[in-house]
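Student: One structure follows; several queries about it will come next.
What follows is calculated from the coordinates using simple rules that are stated; it is not laboratory data. Just so it is clear, the model here is predicted, and its values are computed rather than measured. Glycine also receives a Cβ, built like all others from the backbone with ideal geometry; neighbour counts cover every protein chain displayed.
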Amino acid sequence: MYFKSNKKASLEISIQAIVIVVLAMTLLGLGLGFIKGMFRNISSTTEDVSEQVRQKILDDLVQGDKKISFPKTEILIDKGGSQVLTVGIRNKLNAALDYKLKFELIDPTVTTYAAEHPKTEQEVLDELVPDKFVKNFQHSGDAEYHLTSAESDIRNVRLTIPTLLPSGSYFLTFKILTKKAGTTEWTEVYAQKDFFVVVRG
């Protein structure tokens, strides 16, 4: 009688375990389906937003009769943070336009910052060296682009702020460079836009 009862109890435990496993698998499947749906919606929303931003910039270029469209005059960003900047370029020439993107740090310089903050460590000052600072703007490097007359381009640039970079306001210029006539030097400025980057933290 004892063995029969024990066998029955074991069978009930096995059935309960199977039910629990089935329920767990069902809930897991539902959860994964829900998460997948969320990511699909997020992806769709991101694409919609990106297309809206693109169209807004194109409209700004054409309706404003501009050579360049830059998203902001002041960019607020935390140390260690990053932002994607979407810029627009329009060829208003009657000929093709070959161009490059360039970012230039105007102020502060290493000298002026060191003078105002004499106890600043050298590794921090090194972050203010113009050639190093502009590498915080990630794009296709030294790539050359081509636009036919009246055509427009949309370019994305990722700005990433190092944790060592001092907090404060930075004045920069975004330039569209073309070749100087008769040379291979990219020194002619087709268009430019001044802006500020305010680093917090």
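Student: Relative contact order (percent) for region 67-200, with alpha-carbon contacts under 8 angstrom and 6 or more residues of separation?
Tutor: 39
Student: May I ask you to derive the relative contact order of region 115-190, considering only C-alpha pairs under 8 Å and at least 6 residues apart, and to give it as an integer percent?
Tutor: 24
Student: If you don't mind, there's one more thing I want to ask. Once amide H atoms are placed 1.01 Å from N in the peptide plane, what residues at a sequence separation of 5 or more from residue 78, or on another chain, have their amide H within under 5 Å of its amide H?
Tutor: 200
Student: In addition: Given the pairs 119/175; 79/180; 56/193; 56/180; 92/132, which are separated by over 29 angstrom at their Cα positions?
Tutor: 119/175; 79/180; 56/180; 92/132
Student: Under the rule of at least 5 residues apart or a separate chain, name every residue whose amide H is placed under 5 Å from the amide H of residue 188.
Tutor: 178, 180
Student: Check the straight Cα-Cα distances from residue 179 and name the aspartates and glutamates below 17 Å, setting aside those fewer than 8 residues away within the same chain.
Tutor: Of all the aspartates and glutamates, those that pass the test against residue 179 - Cα under 17 Å, at least 8 places apart if same chain - are 98, 142, 144, 188.
Student: For a Förster distance of 25 Å, can you work out the FRET efficiency between the beta-carbons of residue 119 and residue 164, rounded to the nearest 0.05? Don't skip to the end; give the middle numbers.
Tutor: Numbers: r = 15 Å, r/R0 = 0.60.
Step by step, r from the Cβ atoms, then E = 0.95.
Student: Rounded, prolate or oblate: which one fits region 83-199, using the alpha carbon gyration tensor with axes a ≥ b ≥ c (rounded when a/c is under 1.5, else prolate when a/b beats b/c, else oblate)?
Tutor: prolate
Student: Can you list residues from other chains, or at least 5 along the same chain, whose modelled amide H is less than 5 Å from the amide H of residue 170?
Tutor: Under 5 Å from the amide H of residue 170 lie the amide H atoms of 197, 198, 199, each far enough along the sequence or on another chain.
Student: In whole Hz, with x marking every Gly and Pro, tabulate ³J(HN,Hα) for region 77-83 from phi via Karplus 6.51 cos²θ - 1.76 cosθ + 1.60, θ = phi - 60°.
Tutor: 8, 8, 4, x, x, 8, 9
Student: Rank-order 69-79, 182-192 by packing density, defined as the average count of other C-beta atoms within 10 Å over each peptide's residues, highest first.
Tutor: 69-79, 182-192
Student: Along region 155-166, what does the Karplus equation 6.51 cos²θ - 1.76 cosθ + 1.60 (θ = phi - 60°) give for ³J(HN,Hα), rounded to whole Hz, x for Gly and Pro?
Tutor: Here the 3J(HN,Hα) series is 10, 9, 10, 9, 9, 10, 9, x, 5, 7, 5, x Hz.
Student: Calculate one ³J(HN,Hα) per residue across region 184-201 by plugging θ = phi - 60° into the Karplus curve 6.51 cos²θ - 1.76 cosθ + 1.60, and present them in order as whole Hz with x for glycine and proline.
Tutor: For region 184-201, the Karplus curve yields 10, 8, 8, 10, 7, 9, 6, 7, 8, 9, 8, 7, 10, 10, 9, 8, 10, x Hz.
Student: With contacts defined as alpha carbon pairs under 8 Å and 6 or more residues apart, what's the relative contact order of region 57-137 in percent? Intermediate values should be presented prior to the final figure.
Tutor: Working: 52 pairs, mean separation 18.8, N = 81.
Relative contact order, region 57-137: 23 percent.
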